[in-house]
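Just so you know, all these numbers are worked out from the coordinates, no wet-lab data involved. A quick note: this is a predicted structure, and the numbers were derived from the prediction, not measured. As a convention, Cβ positions derive from the backbone with ideal geometry for all residues, glycine included, and neighbour counts pool all protein chains shown.
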Amino acid sequence: MNAMNRKNTLGILAASLLAGSMGLAHAGDPQAQDRAGAHATESESEQPAGDTWITTKVKAQLLADSDVSGLDISVETVNGVVKLSGDVETQAEADRAVAVAESTEGVTNVDATGINVRANAIGGMH
């Protein structure tokens, strides 16, 4: 499988997992599903997203983004602050990962100090 097909497959998988995890929370309780559905519309615009939701959303977006190697970047969220870590090939890829995280609803700040740009072939510098 080439890199582009792998990236697309990972993006689809991440989106599927994200959608599936939302539905499993109340799968056995129809009344809870109705309450959750009615409340979801209200909470999406009025309340900040939970840390787990933010982490999942950022990771899914990184996996779906063709300019970022989402598999090489770890995502952790505490109180809306996203911490990115891992190794990337270029500074542009690191910058894109930060931009993706910053654009995610509920994110209050992004800490990218854990991202390392691998040594480039020209000068071996970071």
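Filter the stretch 60-79 down to the residues that are buried (at least 16 other Cβ atoms within 10 Å of the Cβ) and not in a strand (DSSP E or B) and list them by number. Scanning the stretch 60-79 gives ALA60, GLN61, LEU62, LEU63, ALA64, ASP65, VAL68, SER69, GLY70, ASP72. On the stretch given as the stretch 80-105, residues that are in a loop (DSSP other than H, G, I, E, B) and under 12 Å from the mean Cα position of the chain (by Cα) total 3.
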